[in-house]
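Each remark here refers to the structure printed beneath this line.
Any read-out appearing in this document is the output of simple, stated calculations on the displayed coordinates, not a laboratory observation. All values derive from a computational prediction rather than experimental measurement. We place every Cβ from the backbone using ideal geometry, glycine too, and count neighbours over all the protein chains shown.
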Amino acid sequence: MAAIASTEQSGTSVPAPAAGAAARRRSLPVWRWAILLIAAAYFLIPLYAALKFAGFKAFTQVVGYQDFGSAFALSLRLAVIATVLTLVLMVPTTVYVYLRLPRMRRVMEAITILPIVIPPIVLIIGVLKVAPGSLLGTPNLLGLEYVILAMPFAYRSLDAGLRSFDVKTLVEASNSLGAGWPTTLWRVVIPNLRTAMLSATVLTVALVLGEYTMASLDNFQTFPVWIVNFEQNSGPVSVAASLLALFVTWILLMLIVTVGSRSSRRRGFGQVTLFSVGAGGAGHTTVGEPE
Amino acid sequence: MTTNTAAGAHTSGGALGAAGSGAGAPVVLRSLSRSFGAVRALDGLTLDIAPGELVALLGPSGCGKTTALRIVAGFEAADSGTVTVDGKDVSPVPAARRDMGMVFQSYSLFPNMTALDNVGFGLRMRKQRAAERGKRAAALLDMVGLSAQARQYPHQLSGGQQQRVALARALAIEPRVLLLDEPLSALDAKVRLQLREQIRGLQQRLGTTTLFVTHDQEEALSMADRVGVMKEGRLEQVATPGELYSRPATAFVAEFVGTMNRVPGDYSGGDEVTVLGIVAPVQPDHALVPAGAVDVLVRPEGLTIEAVPNGNGIVTDRTFLGSLTRVSVLLSGDVAVKVDKSSPAAANLIPGTSVQVAVDPAATVLIAARP
């Protein structure tokens, strides 16, 4: 459980540096600072308390514990599988629905919300029923389940991304210049959907690194499962493990965001932050305005 | 991906060769119809465009002009009718292989590419080698006066610059037909004027057959060789700008193009109408108008005005237009008209002056049923 809570925390703490950068560029009214401080205190004080309780020694102990490496590797592997599959499935689907079946968008929205509503155990049984035998009992199956879990977030990111530029006109322009569908998707749509795809990636990775229920039901020792199992042993060490999970997730997400922003800023898109896609609007209008 | 681009390259070979000779292709739209649900967007549209000609489709929004253009481009399919380019029916050809350059209303540049790469995109699809492509794209950017902006991304360009890049991009593939979908409507007035001249100049220089869709009559009249005025999916009239203005075929055309007055008149049923005390010959578009009380359509320059005591109207306002002054007059019976008068002669027509307004016997008048 601690792992799940910590990923959520890490998710909210990612935009903080961006807010700091904005503060440096223009002077914010006092009340904004007050809110920022209160919010920061809300997140940082428990972290600080946990750090103090665990002590530095506990961290070195955690890493040395049995199965730490394999559990962490499994989670990373699942994150990669889930992200790649999600993007490969969702990008063409979302673009197709957006362009060709605009009336289906509401239906898509309803369908993609299902994984949030349906209890994990039902999803697992459903996947087990249809999964080919060769996948049963392998972690890849869990990867497939994570694709389903990530669908709501990926769809929303991508849909918001598509709404941020005039896809229809760009696709038609590309067509009229002689590009067929696959070329148009690859050279025109995907490069402009980059921010949304990054956002979908970040959300999927965060989800996979924090997911406990499905992994434990499927009997796989992912990183969050490992932490929960482990926590029952000793106080400071288990707190250190939770903190480690938080930092690792946070660093990973920051890495994705930084790499993504660097290449997209060069082309004048808005800075990629976790939640910027929906609100940011057209990427090219937000140049130099991180807010 | 490979199949598509290869196919694109295949068609482009011939097209580039053909366009290289500088001659545009004749385009014929034959009986095009298209419905969207219950709405008939196009209702048997027929239009011939000569090689190298610029034809503008002009009409209010919803008249079907954009649908017509999109059918020519291959983005929409007609329910019935054909589009032929250079004598060949292009209906089964997908948009990507029609070799038509298109400039869109909204900014359609690829945001992820520089101006140069945008212009080179079509050439890239035609498998032209990078060096050659770069050279040609640079030449086209130079042609629209944007060499200095070659390395900039669309968001770094102004609206007008973006549309110029879009024009260069459309022309880079040496299209058989150039399609312009309200390319100036998102720009401010001054830029619009410059770009209008630039587009027309380039089009004439290259001799590209061009179909231009606009709702702006000034744009259509100033740029096109011929203008087709559309209403409810049909062409009301196709004519040169001058003809359209001076001899409109229908009341709709007359009122859509230029300023038009509606004055009550009395129609006997023949070729003449009585209006403001004179009998004037009417244009032959009176078939549908029943005899009796009608509205007579006459342009501001088709009316005469003299300051007289106890005339049939009173000057309410006047607008100085340079050599001409447009005088607003309220006629008896609450009819407001606009009359053009040379500015020196209009000097004494201050608001409140009693005037006599009459129809110039030489003026073209049309009649329309009273609404």
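For the pair the stretch A:49-121 and the stretch A:122-197, the centres of their Cα atoms are 14 angstrom apart. Taking 30 Å as the straight-line reach from the Cα of B:Lys341, the lysines in range (excluding those fewer than 8 positions away in the same chain) are B:Lys190.
Neighbour counting of Cβ atoms within 10 Å sorts the residues A:Thr169, B:Thr210, fewest neighbours leading, into A:Thr169, B:Thr210. Using θ = phi - 60° in the Karplus curve 6.51 cos²θ - 1.76 cosθ + 1.60, the 3J(HN,Hα) couplings for the stretch B:306-317 round to 9, 7, 9, x, 6, x, 8, x, 10, 5, 9, 6 Hz; x is entered for Gly and Pro. Inter-chain Cβ neighbour count for B:95-102, averaged per residue, equals 5 (cutoff 10 Å, partner chain atoms only).
Relative contact order of the stretch B:212-324, taken over Cα pairs closer than 8 Å and 6 or more residues apart, is 18 percent.
Per-residue mean of foreign Cβ neighbours for B:115-128 is 3 (Cβ atoms of other chains, 10 Å radius).
Rounded to the nearest 20 debye, the dipole magnitude of the protein assembly as shown is 2300 debye, with +1 charges on Lys and Arg beta carbons, -1 on Asp and Glu beta carbons, and the Cα centre as origin.
Think of the stretch B:63-128 as having a plus end and a minus end, set by charges on the Cβ of Lys, Arg, Asp and Glu; of B:Ala68, B:Asn112, B:Ala95, B:Asn112 sits farthest toward the positive end of this dipole. In a reduced charge model with +1 at each Lys and Arg Cβ and -1 at each Asp and Glu Cβ, the stretch A:65-263 shows a dipole moment near 720 debye about its Cα centre.
Sorting B:Val357, B:Val119, B:Val227 by the number of Cβ atoms found within 10 Å of their own Cβ, with the fewest placed first, yields B:Val357, B:Val227, B:Val119. Other protein chain C-beta atoms within 10 Å of residue C-beta, averaged over A:158-169: 2.
Assuming charge only on the beta carbon of Lys and Arg (+1) and of Asp and Glu (-1), the dipole of the stretch B:221-371 about its Cα centre is about 300 debye to the nearest 20. Take every pair of alpha-carbon atoms less than 8 Å apart whose residues are at least six positions apart; their mean separation over the length of chain B yields a relative contact order of 16 percent. Give the calculated FRET efficiency between A:Ile45 and B:Arg129 to the nearest 0.05, with a Förster radius of 51 Å applied to their Cβ-Cβ distance. My answer for the efficiency is 0.25.
Each of B:Ala254, B:Leu45, B:Pro361 was placed along the dipole of the protein assembly as shown (beta-carbon charges, centred on the mean Cα), and the one lying farthest toward the positive end is B:Leu45.
From most to least packed by mean Cβ count within 10 Å, the peptides B:44-55, A:214-225, B:331-342 give A:214-225, B:44-55, B:331-342.
Kirkwood radius for the stretch A:65-263, taken over all pairs of different Cα atoms as the inverse mean of 1/r, rounds to 18.4 Å.
Pairs of Cα atoms nearer than 8 Å and 6+ residues apart set the relative contact order; for the stretch B:200-242 it is 27 percent.
In terms of the mean number of neighbouring beta-carbon atoms within 10 Å, the peptides A:97-105, B:63-71, B:258-266 order highest first as B:63-71, B:258-266, A:97-105. Over chain B, DSSP H runs of length four or greater, each weighted -39,500 (n - 2.57), average out per residue to a 222 nm ellipticity of -8500 deg cm²/dmol. Of the GluC sites (Glu not before Pro) in the stretch B:196-239, not one is in a loop by DSSP (not H, G, I, E or B) with at most 13 other beta carbons within 10 Å. From least to most packed, judged by other beta carbons within 10 angstrom and beginning with the fewest, A:Thr195, B:Thr364 follow the order B:Thr364, A:Thr195.
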